[in-house]
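Okay, handing you the structure first.
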Number of protein chains: 2
Amino acid sequence: MPYSDLDPVFAHIDRNADSHVARLMEYVRHPSISAQDVGIREVAGLLMGMLERLGFEAELLATRGHPMVLGRGPAVPDAPTVLLYGHYDVQPPEPLEAWTTPPFEPTIRDGRIFARGVGDNKGQHLAQLLAIEAHLAVHGRLPCNVIVLLEGEEEIGSPHLAEAVAAHADKLAHADLVVTADGTLHPSGRGTILYGVRGVTHFDIRVRTAARDTHSGNFGGVVPNAMWALVHLLGTMRAPDGRLTVAGLCDPVVAPGAVEAAAAAALPIDLPALMTELGLSALDAPRDRPFWDRLMFHPTLTINGIAGGYSGPGSKTVLPAEAVAKCDIRLVEAMTPDQALAAVRAHVAAQAPALGATVEVVGSGGMLPSRTPMDSPFAAVLRRALTLARGESPLEYPCMGGSLPDYVFTKTLGLPAFVTPYGNADEANHAPDENLSLSCFHAGIRSGAALLSGLGELTGACVCPVNHTKLHG
Amino acid sequence: MPYSDLDPVFAHIDRNADSHVARLMEYVRHPSISAQDVGIREVAGLLMGMLERLGFEAELLATRGHPMVLGRGPAVPDAPTVLLYGHYDVQPPEPLEAWTTPPFEPTIRDGRIFARGVGDNKGQHLAQLLAIEAHLAVHGRLPCNVIVLLEGEEEIGSPHLAEAVAAHADKLAHADLVVTADGTLHPSGRGTILYGVRGVTHFDIRVRTAARDTHSGNFGGVVPNAMWALVHLLGTMRAPDGRLTVAGLCDPVVAPGAVEAAAAAALPIDLPALMTELGLSALDAPRDRPFWDRLMFHPTLTINGIAGGYSGPGSKTVLPAEAVAKCDIRLVEAMTPDQALAAVRAHVAAQAPALGATVEVVGSGGMLPSRTPMDSPFAAVLRRALTLARGESPLEYPCMGGSLPDYVFTKTLGLPAFVTPYGNADEANHAPDENLSLSCFHAGIRSGAALLSGLGELTGACVCPVNHTKLHG
Ligand SMILES: [Zn+2]
Ligand SMILES: [Zn+2]
């Protein structure tokens with residue numbers, strides 16, 4: 001009988017709900033603010049202790065920044081290995097005066113715990129640890145192999161995650177899948193599975209037409225205006241109909257598979273409500289593109305802002321010698337930051353001579369996109385586990401519009417990677433009065449427990465065409 | 001014999017050179033900083049006294065800001081009337097520490113007087129007054145009628161000049177011409193006559209696509225980017241080949257007359273030196289336009305800067321909801337600020353629906369262009385007067401690229417208006433160590449004296465087809 005070990009674990013979790021809440025409140029009492037280097041070592045130490053009490057081998061992995069906490073559960077022969085990723089650092093709590101109760105004095109109001117980091121991400125990875133604890137308490141063993149990886153720099157952009165994961169690949173790469181509990185559920189409260197993210201590359205396009213700014217009267221008509229050169233250059237990069245017209249930029253794009261396309265089309269969206277909330281009279285061009293396809297399957301070229309000349313209050317008769325467009329490109333599978341930047345550079349180099357300007361493209365980092373196939377056998381496990389834990393099937397997002405370093409798992413380690421958020425949609429992460437609802441926390445622990453059971457079901461029975469040797473090898 | 005009265009006046013001016021320098025040094029000792037409201041009333045009072053000592057009727061004309069000083073010379077029947085315009089206010093002297101000697105303690109070094117306002121404009125209008133004084137000292141009378149008008153707000157943009165001139169038109173409009181001694185000679189030291197200026201209109205184009213900025217990952221592809229809408233809109237307003245493509249904008253443009261076109265073509269320009277100094281690899285499009293035509297006979301549409309989103313250091317993944325292009329248009333005869341702004345508004349209104357954006361054009365003032373025909377009979381007088389005073393014929397500029405409120409004289413009062421600068425090219429006006437060379441000051445007084453003599457020559461002999469009744473009526 002599938003998931004035969006799960007009911008008593010659910011019962012244990014339900015019985016211990018109050019004690020679990022108390023454990024979370026104790027945990028979030030400890031600040032671990034990566035941006036301010038406050039409490040990082042202390043909280044990493046707390047986690048080491050928690051892992052050791054679970055019988056895990058615990059290890060602090062040094063990085064060039066804050067350390068990562070690695071835990072390895074007892075070996076479960078023939079069972080798959082799940083890598084549970086999360087982050088123990090939190091956002092700075094400022095502005096403090098905007099909090100109803102102090103950020104590091106957790107308080108329960110209206111069925112929620114209010115504290116910095118309670119949703120993002122302490123409550124979510126603690127739910128995973130409590131799910132492990134529940135399995136061990138009830139059965140004295142885990143259904144599958146578990147690796148826990150908690151980083152301390154997610155809130156400052158995970159600057160060392162990629163190199164640390166690559167450096168410690170020997171300790172991680174024998175995992176069969178990666179599951180991250182982070183982010184929020186659908187506003188309806190329904191569970192979600194996220195299979196991919198768009199990548200991103202950031203760059204400046206710097207146009208220079210003269211050695212210095214001049215006066216628009218004394219030199220207007222003589223000195224080329226860098227703003228006009230930039231406007232005309234940008235005009236060659238994206239058409240008013242929404243097409244990106246940078247040669248080669250979109251060449252690597254892999255269209256979504258039939259499963260992903262169908263999943264995107266099936267997702268709910270209240271477009272009138274969204275447009276009202278954002279004050280939109282129209283969606284971005286092209287107008288006829290399905291809503292979710294826009295965020296999931298198409299790259300964007302965003303102008304974040306334009307510097308140069310004078311753009312403050314009043315008027316100033318300046319003829320700008322320099323104009324800088326700050327841009328980002330959201331990347332879809334199989335674009336890469338390097339490929340996209342190279343296409344932009346080649347395009348700009350081809351246009352520059354006609355502009356009467358020198359043009360430079362200065363890159364400032366990026367992230368690869370990530371996409372895990374929705375027909376992965378592990379997807380079926382997650383789908384069923386979340387349904388059992390929450391009483392309702394999850395919404396499934398082939399991709400999200402933003403960028404997270406999931407490529408570290410899918411591309412560096414070559415593993416399928418899934419995100420299953422446990423937070424309430426109004427968790428106010430990064431903001432004052434961050435909170436996690438008690439019911440979401442509880443459902444999160446149940447979800448984690450069901451995931452472990454589901455992965456245990458895979459033991460010995462091959463359901464995995466893509467990863468056969470790893471899974472059973 | 002033409003200019004028969006001039007030689008003894010020149011001799012008087014040459015004899016009194018030292019005393020004239022002493023008078024100028026005494027005058028610039030008194031600050032009159034319009035922007036800081038320092039010393040304005042005191043210096044206006046000094047000027048009233050000087051005019052009265054010349055036997056002029058002196059009057060303080062109130063404005064909504066600092067007052068103007070008006071002086072009227074003794075009546076000279078049948079002779080034309082010249083309005084000598086200048087300004088008695090000066091720029092703030094800051095930064096004080098950058099001055100070699102204090103700005104209001106005039107000092108002679110290397111044949112120059114260093115002091116704030118010595119060139120811009122006190123030394124130049126004092127030269128006009130000393131020229132009047134010389135005529136009176138030698139001949140006991142003036143060769144023509146003279147009105148002196150000195151404003152106290154030129155350095156803050158002459159905000160009340162237009163309304164004050166219109167309000168006091170009865171005291172000014174019977175003049176036959178306006179002559180302004182302001183600005184600098186050609187770097188070679190050769191005298192110049194300036195016949196016109198471009199006008200200007202300032203405005204913002206404000207594009208809005210959403211109620212608030214969003215995240216380029218979470219909403220990129222969904223929410224229209226105001227920066228892209230603005231880039232595409234601006235792209236419809238000026239072609240890369242330099243043509244202004246705003247319908248109707250250039251319709252009123254009056255091509256230069258044959259005299260003006262020939263004068264512009266004859267003016268010197270060291271283009272390689274200019275391009276080196278400004279770091280230009282090319283002049284602005286269109287490439288084949290003659291140099292001076294660019295500044296004199298063609299309007300420009302300048303983007304001064306673009307606000308919105310984020311354009312500071314580093315990167316920020318913002319998808320801008322608003323983008324504002326700050327612009328100015330330099331106007332040539334017979335464009336007007338209202339006409340230009342109306343053309344921009346109509347163009348933008350026609351483009352806005354395709355942009356998925358609301359677009360607003362917010363004007364913030366402007367000035368009409370001004371053009372005095374180079375074949376005015378007064379032009380011949382100025383040409384000859386400057387040649388006699390300086391020993392070399394002047395360079396003649398049909399127009400300058402920048403904007404000054406000359407339209408107040410040419411359009412409000414309907415008078416021909418000329419600018420004949422007396423300052424050395426390196427006078428450093430508006431900057432520390434502002435200075436006026438002793439020889440330029442001296443030549444300025446001689447120029448003023450010759451102008452008066454030349455205008456006296458017009459008495460009784462009609463040489464003026466355009467202004468006959470005024471001149472002799
Ligand atoms: Zn966060
Ligand atoms: Zn000035």
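The values are calculated or read from the model by the stated rules, or taken from the named source; none is laboratory data. Keep in mind that what you see is a predicted model, and the values were worked out from it rather than measured. Ideal geometry is used to build each Cβ from the backbone, glycine not excepted, and the neighbour counts take in all protein chains shown. In case anyone asks, the SASA skips ligands and DNA or RNA and just uses the protein heavy atoms, side chains included. Shrake-Rupley method; radii C 1.70, N 1.55, O 1.52, S 1.80 Å.
Place +1 on the Cβ of every Lys and Arg and -1 on the Cβ of every Asp and Glu in chain B, take the dipole about the Cα centre, and give the residue among B:THR209, B:THR184, B:MET50 whose Cα lies farthest towards its positive end.
Going by the charge dipole, the pick is B:THR209.
Moving on. Just check the protein assembly as shown against the gyration tensor rule for me: Cα atoms, a ≥ b ≥ c as the square roots of the eigenvalues, rounded for a/c under 1.5, and otherwise prolate or oblate depending on whether a/b exceeds b/c. Numbers along the way, then the final one.
Values: a/c = 3.52, a/b = 2.85, b/c = 1.23.
It is prolate, given that a/c is not under 1.5 and a/b is the larger ratio.
If you wrap a convex hull around the alpha carbons of the range A:318-473, what volume per residue comes out, as a whole number of Å³?
Numbers: hull volume 26.3 nm³, N = 156.
Looking at the range A:318-473, the number lands at 169 Å³ per residue.
Could you give the dipole magnitude of the range B:323-473 about its Cα centre, charging the beta-carbon of Lys and Arg +1 and that of Asp and Glu -1, in debye to the nearest 20?
Values: 10 positive and 13 negative charges, 80 e Å.
The dipole magnitude comes to about 380 debye.
What shape does the range B:86-179 take by its C-alpha gyration tensor, where a ≥ b ≥ c are the square roots of the eigenvalues and a/c under 1.5 counts as rounded, a/b above b/c as prolate, and the rest as oblate? Let's see the in-between values first.
Values: a/c = 4.24, a/b = 1.36, b/c = 3.12.
Oblate, because a/c is 1.5 or more while a/b does not exceed b/c.
Still on this structure, please answer the following. Using a 1.4 Å probe, what is the accessible area per residue for the range A:131-225, in Å²?
Details: 2670 Å² over 95 residues.
Ligands and nucleic acids excluded, the figure is 28 Å² per residue.
Sticking with this structure for a sec: Would you grab the residues whose amide H sits under 5 Å from the one on B:THR107? Only those 5+ places off in sequence or on another chain, please, with H modelled 1.01 Å from N.
Placed amide hydrogens put B:PHE114 under 5 Å from B:THR107.
While we're on this one: Just want to confirm a number: the relative contact order over chain B, from Cα pairs under 8 angstrom separated by 6+ residues, in percent. Spell out each step's value before the answer.
On the way: 987 pairs, mean separation 126.5, N = 473.
The normalised contact order for chain B reaches 27 percent.
Quick one: 3J(HN,Hα) in Hz for the range A:57-69, Karplus 6.51/-1.76/1.60 with θ = phi - 60°, rounded, Gly and Pro as x.
Running phi through 6.51 cos²θ - 1.76 cosθ + 1.60 with θ = phi - 60° gives 6, 10, 8, 8, 8, 5, 10, 6, x, 6, x, 9, 9 Hz.
Hey, another quick one. Can you work out the FRET efficiency for the pair B:SER364 and A:SER4, with r the C-beta to C-beta distance and R0 = 60 Å, to the nearest 0.05? Working shown, then result.
On the way: r = 76 Å, r/R0 = 1.27.
For R0 = 60 Å, the calculated efficiency reads 0.20.
Can you tell me the length gained on complete extension of the stretch A:ASP37 to A:ASP426, counting 0.36 nm per residue apart and subtracting the Cα distance?
Working: separation 389, 0.36 × 389 = 140.04 nm, distance 2.71 nm.
Once the chain is fully extended between A:ASP37 and A:ASP426, it gains 137.3 nm.
Would you please state the base-10 log of I(q)/I(0) at q = 0.22 1/Å for the range B:27-144, with intensities from the Debye formula using one equal scatterer on every alpha carbon?
-1.26
By the scheme Lys and Arg +1, Asp and Glu -1, what is the net charge of all other residues having a beta-carbon under 15 Å from that of B:VAL359?
Values: positive: B:ARG206, B:ARG208, B:LYS326, B:ARG345; negative: B:ASP204, B:GLU322, B:GLU360.
Result for the local shell: +1.
Now for a different question. In the full protein assembly as shown, how much of B:ASP7 is accessible to a 1.4 Å probe, in Å² to the nearest 10?
Spelled out: B:ASP7, probe radius 1.4 Å, area about 100 Å².
For the protein assembly as shown, which whole percent of the accessible surface, found with a 1.4 angstrom probe, sits on carbon and sulfur atoms? The partial results should precede the final answer.
On the way: 19040 of 34090 Å².
The computed percentage sits at 56.
Here's something else I'd like to know. Which entries of B:LYS122/B:LYS411; A:LYS326/B:LYS316; A:LYS171/A:LYS411; B:LYS171/B:LYS411 have Cα-Cα distances beyond 18 Å here? List each step's numbers first, then the result.
Numbers: B:LYS122/B:LYS411 26 Å; A:LYS326/B:LYS316 9 Å; A:LYS171/A:LYS411 16 Å; B:LYS171/B:LYS411 16 Å.
Correct reply: B:LYS122/B:LYS411.
How many percent of DSSP beta bridges within the protein assembly as shown run antiparallel, rounded to 5? Display every interim value, and only then the final one.
Numbers: 94 of 136 bridges.
That works out to approximately 70 percent antiparallel.
Measuring nothing but label to label, 7 Å from Cα along Cα→Cβ, what are B:ASP375's distances to the other copies in nm, shortest first?
8.6
Ordering A:PHE114, A:PHE219, A:PHE203 by how much accessible area each has at a 1.4 Å probe, largest first, what is the list? Could you put the intermediate results ahead of the total?
Values: A:PHE114 25, A:PHE219 45, A:PHE203 5 Å².
Listed by decreasing accessible area, they come as A:PHE219, A:PHE114, A:PHE203.
Check which residues have an amide H placed less than 5 Å from A:GLU396's amide H, if you skip close sequence neighbours.
The list, which skips near neighbours in sequence, is A:ILE193.
Given a 1.4 Å probe, show me the residues in the range A:308-336 buried by at least 30 Å² of accessible surface when comparing the whole protein assembly to the chain alone.
A:TYR310, A:SER311, A:SER315, A:THR317, A:LYS326, A:ARG330
Please label the shape of the range A:18-86 as rounded, prolate or oblate, based on the square roots a ≥ b ≥ c of the eigenvalues of the alpha-carbon gyration tensor (a/c under 1.5 means rounded; beyond that, a/b larger than b/c means prolate, else oblate).
On the way: a/c = 2.42, a/b = 1.33, b/c = 1.82.
Note, shape of the range A:18-86 comes out oblate.
How far, in nm to one decimal, is A:ARG29 from itself in the other copies if the label point is set 7 angstrom along Cα toward Cβ? Shortest first, please.
Distances to the matching label points in the other copies: 8.0 nm.
Tell me the angle of helix B:40-53 to the major Cα principal axis of chain B, expressed in degrees between 0 and 90 and rounded to the nearest ten.
Around 30 degrees separate the two axes.
Want the number for A:THR100 to A:ALA342: 0.36 nm per residue separation, take away the alpha-carbon distance, what's left? Don't jump to the answer; show the numbers that get you there.
Numbers: separation 242, 0.36 × 242 = 87.12 nm, distance 4.89 nm.
82.2 nm is the gain from fully extending A:THR100 to A:ALA342.
Quick one: angle between helix B:438-457 and the longest Cα principal axis of chain B, in degrees between 0 and 90, rounded to 10, please.
70 degrees
Find, to one decimal place in angstroms, the Kirkwood hydrodynamic radius of chain B, where the mean of 1/r is taken over every pair of different Cα atoms and then inverted.
24.2 Å
As a test of reading the structure, rank B:ILE40, A:ILE156 by solvent-accessible area (1.4 Å probe, protein chains only), most first.
Numbers: B:ILE40 5, A:ILE156 70 Å².
These residues rank, largest area first, as A:ILE156, B:ILE40.
Give me a comma-separated list of calculated 3J(HN,Hα) values for the range B:307-320, in order, Karplus coefficients 6.51, -1.76, 1.60 applied at θ = phi - 60°, integers in Hz, x for any Gly or Pro.
9, x, x, 9, 9, x, x, x, 10, 9, 7, 9, 10, x
Next question, about the same structure. In deg cm²/dmol and to the nearest 500, what is the mean residue ellipticity at 222 nm of chain A if only DSSP H runs of at least 4 residues count, each as -39500 (n - 2.57), divided by the residue total?
Details: 15 runs with 159 residues, N = 473.
Mean residue ellipticity, 222 nm, calculated: -10000 deg cm²/dmol.
Determine the distance separating the Cα centre of the range A:303-331 from the Cα centre of the range B:327-406; give it in Å without decimals.
Each part reduced to its Cα centre gives a spacing of 26 Å.
Let me ask you something else. Can you list, shortest first and in nm, the gaps between the label point of A:ASP288 and those of its counterparts in the other copies, using a point 7 Å from Cα in the C-beta direction?
So the label point of A:ASP288 gives 4.2 nm to the other copies.
Where in chain A is the longest stretch that carries no trypsin sites (Lys or Arg not before Pro) classed as loop by DSSP and with at most 15 other Cβ atoms within 10 Å?
Values: sites that count: A:ARG29, A:ARG64, A:ARG141, A:ARG190, A:ARG212, A:ARG243, A:ARG287.
The answer is A:288-473.
Could you tell me how many degrees, from 0 to 90 and to the nearest 10, lie between the Cα long axis of helix A:377-390 and the main elongation axis, the longest principal axis, of the Cα atoms of chain A?
Helix A:377-390 sits roughly 70 degrees off the main axis of chain A.
Here's a follow-up. What are the ³J(HN,Hα) values, in whole Hz, obtained from phi via the Karplus relation 6.51 cos²θ - 1.76 cosθ + 1.60 with θ = phi - 60°, for each residue of the range A:340-346 in sequence order, with x given for Gly and Pro?
3J(HN,Hα) across the range A:340-346, in whole Hz: 5, 5, 5, 5, 4, 4, 5.
How many Cβ atoms of partner chains, on average, are near each residue of A:232-241 if near means within 10 Å of its Cβ?
Across A:232-241, the average partner-chain Cβ count within 10 Å equals 5.
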